[in-house]
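Laboratory data are not the source of any read-out in this text; all were calculated from the coordinates shown. Keep in mind that this is a model prediction, so the values were computed, not measured. All Cβ positions, even for glycine, are placed from backbone atoms using ideal geometry, and neighbour counts span all protein chains on display.
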Amino acid sequence: MKQQTQIFESGNELAAYAARQINYHVMGYYPITPSTQIAEELDAMYAAGEHDIRLIAAEGEHSAAGVCYGASTGGGRVFNATSANGLLYALEQLPVQSGTRYPMVMNVACRTVSGPLSIKGDHSDLMYCLNTGWIILFANDPQAVYDMNLCALKIAEKTRLPVIVAFDGFFTSHQKRKCSVFALDADVREFVGEYQPKHSTLDLEHPITVGSYMNEPDIINNKYQLHLGMEYARDVIPEVFSEYGKLSGRQYQTVQGYRTEDAEVILFLLGSSYHTACAAADELREQGKRVGVCTANVLRPFPKELKTVLKNATTVVVGDRQDSYGAGGGNLSLEIRALLEGETKVKSRVYGLGGLEFFREDAKTLFEIGFDPNAKEFDYLGQTEGIRAETPQFFAPITESASSPGITQCTMGEHGMEVRGGALKDVTAMPKRLAPGHGACPGCGIPVNVNLFLSGIEGNVVLLFQTGCGMVVTTGYPNTAFRVPYLHNLFQNGAATLSGLSEMFYERQRRGELPSGDITFVMVSGDGGMDIGMGSALGAALRGSRIILLEYDNGGYMNTGYQLSYSTPKGAKSATSHLGRAQSGKGFFHKDMPMIMAGSGIPYLATAAESHPADLIKKAAKAKYCAQNLGMAYVRVLSACPLNWGDQPNTERAVICAAVDACYFPLFEIEQGITKLNYTPKEKLPVKEWFSMMGRTKHLAQEKYQGITEEIQAEVDRRWARLKARHEHPLL
C-alpha cells in the first residue's frame, strides 16, 4: 500500500483533487449546478500553481464536449464535468467520442432533467447515456468519487473508451466526508501510468483521418468493434479495481451487496441511497426479517455478476431515481428484469425525483413491498396529491387599455424612429408586468431593469425568460410574479422558442383563430445567457423574428454562484477565474455582444442603463415598434449584482453610472445600420476608477495588476473611439 492522508472534502472536491493529482492536459467545461464546484476547485488550484491543466471555459456544454473530443484526438489526457440538461446538451457528442475510440473521463453529478426546472439530484440525466458507448462507473459516497476517478482514467486508456464517473448531485457531490487520498502525486501518476495513444491528430509523420463517412458494412463493423471494446472492459475493470485495491486498501467490485447471502427480499438501489437502505436492513434483521441490499458500481458494461447476487432472493425490489415513461419502470428495473429472466420476482418503485429525501422509513416501505404478494409490480413512492383548487387563482389580467397609458408613442419619421413621451414621471401610470414579491437579492438590477424597460412597452406583452436568476427568483412553484403570459426555456434555446410562439400568434391570427390586435414578444436573458444562447439569438436575428431580446448584463453566471462569463470584465475575480501565483482573474476581454448582434443586420439594437432611465424607456418604445414592424430588436442593459460584484445595494446606481462614464458600457443605438451615441460623458472616467468600486475588480487598482488594467483601458478606449467614428460617419 502507498502512503495516504486524510482530508475532509465533498464528492466534487475529491473529483477535482483526483484530477489535480493526475494533472490532465485539458479540461473543457461549462458551469452547471451541481457539478460546477469541480471546475471552481480546479481553477483555484491552478491559480495557486498546483497543476498545469488547461481549463477552457466553453460557451455551453455542447461546445465543452467538443473541446474535450478535439483535445482527446491530440494524444493527451482530457477531463470534464457536467450535470442534467448540460449533459443532454452535450449528448450528441458522446457517441462521436466512443465511436472513434478516444479515451477521457467525465464526472456527472446527477441531477433532475427539466422541464419543469429543478436543480436537485436524481438519475434522470445519466440514464440517457446508457446507449452512448461510454463506460459508466457509479460512486455511492465521496471516497468512491476519488477512487473511481483514478481508476476511470486507467480503464479508459486500456479500453480506448471514454468513461463517466457518476454520483448523486447534492447528496454525494456536496456531502463532506473524511476520506483517504494518496499523499504523493507521484504515486497516483505511477498508478495511471504514462499514456501511449494509439493514434493522434498531432502526429504529423503519420497523418490520420478521424470520423470518416461510412456506409454499410463499415458502420456495423465499427459498432461491433465498439461492442467488443465494451466486452473487453468487463475484464479490464475488475483488473484495475484489484490493482487499485492493493495500493489503497479499498477494494471495489462491479456489484456491491450487503447481507444478501440468505436474503428473502433484496432491495436494489443506486448511489447514496444504498447506505440508508443498509441501515434500514440492519433494523429489519433485528426483527427477524431476512432482507439485504445491493448496488452496482458499474452500469456499463452492465454487470452480469448482479444475477449471482440476486438470483436466490424470492423478490427483488428495484428503486429507480428516474422513470422510463410508459415502460413500467425505470431503466434499472427493466435491465434487472431482463437479467433475471423471470426466475425471480421483480417489483419496482420510482422514488427520490427532484432530490426528494430518502430515509430509512422509505427503505423499510420498499422492503415491505417485497414481502407483500398483492403489491403492484410498478408504482411511484413519495408522490402526493399536490395542490388542487376548484378555480385556479390568477392575477387580474392587465388589459390592453390598462397597459396603454400613453407614456410613449413611437412612429417612423423622416430620419428613422421617433419617440414622443417617455418622461420618468409618467412611469407610474404603467402597470407592472413583473409584480412585487419576487425573491431577488437586495439591490439586484434584474427586476428594476425589466420593469423599467417594460414601462416603455405599450399594449399587450408576452414574456419568455431563459434560465437564470431572473427566472428562478420569480417563478418558485406554485407562485409566480408575472401578471402577463410567461414562458421559460433553457439558456441555449430561448430565442428560438419565442420565435416559434411569435410565429404561432401571427399564423393563428392570419387564419382568423385569434382576434386582431398586437402582442409584443419579449425574451429576457442574462447570467451568461448570451454565451450559451448566442447561436439561437443570432439565428432568430437572421430570420428576422418579430421579437425583442432584452439582455440584462450582470457580467457572470450569477445563478450558479458567479463563474466567469464571456461578459465578465478581464481581470475580474470569479469562482472560475481566481487570483493567484499563476493566474490574475479572467484572462480575456469582455464580449462586445451589441456589435456581434449588429453584424447580423437586425434593424434595431441599443444599450441602456438604469442610471439613464428616460433613455432606457425611449429605447424600449423603439424596440417595440421595430419588433412589430421591422424585425428583431436587441437591447442590452447593465444590471447590478451586489452579491457577486462585491459592493453594496445602496451604491449600485453610482456603480452603474460610473461604468457608463468610463465608457466601459457606452450608451448608443444602431438603427437600420446607422450608429448614434446617446451619451458622451463630460469627463471620461478611467476604467480603474470604476473597477475600484467593486470587490470583484478592486485588486486591479493595485500596482501589481497595472499591466492588465492598462490593457483593459486600451481596449475600452479602442471600442469607444470606434463607436465615435461610427457615430460621425453617415453610413455607419
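Taking amide H positions as modeled 1.01 Å from N, with prolines and chain starts lacking one, the residues under 5 Å from Gly330 and 5 or more places away or on another chain are Ser324.
Within 10 Å, count the other beta carbons around each residue, average over each peptide in 201-208, 17-24, 545-552, 593-600, and list them highest first.
Those peptides, ordered most packed to least, come out 545-552, 17-24, 593-600, 201-208.
Electrostatic tally near Glu503: other residues with Cβ closer than 14 Å to its Cβ, Lys and Arg +1, Asp and Glu -1, net +3. Give the residues of segment 525-566 whose amide nitrogen is closer than 18 Å to a point set 7 Å from the Cα of Phe395 in the direction of its Cβ. Under cut-off, by backbone N: 525, 550.
Given a cut-off of under 8 Å on Cα pairs at least six residues apart, what relative contact order in percent is computed for segment 255-380?
Averaging sequence separation for qualifying contacts and normalising by length gives 29 percent for segment 255-380.
Fully extending the segment from Leu184 to Ala435 would add 84.7 nm, taking 0.36 nm per residue of separation and subtracting the current Cα-Cα distance.
Counting only aspartates and glutamates at least 8 places from Lys178 when in the same chain, those with an alpha carbon closer than 19 Å to its own are Glu9, Glu13, Glu41, Asp141, Asp147, Asp168. Working note: Karplus 6.51/-1.76/1.60 with θ = phi - 60° gives segment 414-424 the couplings 5, 10, x, 5, 10, 10, 9, x, x, 5, 4 Hz, where Gly and Pro are set to x. Annotation: peptides 679-691, 168-180, ranked by per-residue average of other Cβ atoms within 10 Å with the highest first, follow the order 168-180, 679-691. Over the Cα atoms of segment 179-237, the radius of gyration divided by the Kirkwood radius equals 1.15; this is the Rg/Rh ratio.
Under 5 Å between amide hydrogens, built in the peptide plane, is the criterion, and for Val113 it picks out Ser124, Asp125 among residues at least 5 positions away or on other chains.
Only beta bridges with both residues in the chain are counted; by DSSP, about 35 percent of them are antiparallel. Taking a ≥ b ≥ c as the square roots of the eigenvalues of the Cα gyration tensor, segment 260-417 is prolate, since a/c reaches 1.5 or more and a/b is larger than b/c. The residues packed around His51, meaning those with a beta-carbon under 15 Å from its beta-carbon, carry a net charge of -2 if Lys and Arg are +1 and Asp and Glu are -1.
Packing here is the average count of other Cβ atoms within 10 Å per residue, and on that basis the peptides 497-507, 639-649, highest first, run 639-649, 497-507. In this structure, Asp235 and Glu377 have a Cβ-Cβ separation that, at R0 = 30 Å, corresponds to a calculated FRET efficiency of about 0.30. For the residue pairs Lys289/Lys364; Lys154/Lys246; Lys307/Lys347; Lys158/Lys304; Lys347/Lys376, alpha carbon separations beyond 18 Å are given by Lys158/Lys304.
Write down the percent of antiparallel bridges among all DSSP beta bridges whose residues are both part of segment 606-732, to the nearest 5.
55
Helical content alone sets the calculated 222 nm signal of the chain at -10500 deg cm²/dmol, taking -39,500 (n - 2.57) per DSSP H segment of four or more residues and averaging over every residue. Computed from Cα atoms, the angle from the helix 613-629 axis to the main principal axis of the chain rounds to 80 degrees. Run the paramagnetic zone check for Ala701: 7 angstrom along Cα to Cβ, then residues of segment 552-596 with backbone nitrogen under 14 Å. Correct set: none at all.
Could you tell me how far the Cα centroid of segment 492-540 sits from the Cα centroid of segment 1-67, in Å? After rounding, the separation between the Cα centres reads 37 Å.
Helix 706-728 and the longest principal axis of the Cα set of the chain meet at an angle near 50°. Ignoring lysines fewer than eight residues from Lys624 along the same chain, the ones with Cα atoms less than 19 angstrom from its Cα are Lys432, Lys676. Electrostatic tally near Ser200: other residues with Cβ closer than 15 Å to its Cβ, Lys and Arg +1, Asp and Glu -1, net 0. Antiparallel beta bridges, as assigned by DSSP with both residues in segment 255-380, represent about 20 percent of the total such bridges.
Histogrammed with a bin width of 5 Å, the alpha carbon distances of segment 408-692 distribute as 1, 6, 12, 17, 20, 18, 13, 7, 3, 1, 1, 0, 0, 0 percent, first bin at zero. Amide H contacts under 5 Å for Met694: none, restricted to partners 5 or more places along the chain or on a different chain, H placed in the peptide plane at 1.01 Å from N. Between Asn215 and Glu361, the modelled label-to-label distance comes to 6.5 nm, taking each label 7 Å out from Cα in the direction of the beta carbon. The stretch between Arg177 and Gln251 holds 24.8 nm of extra length on full extension. This uses 0.36 nm per residue minus the Cα-Cα distance.
Remark: spin-label model distance Glu286-Gln6 equals 2.6 nm, labels positioned 7 Å along the Cα→Cβ axis.
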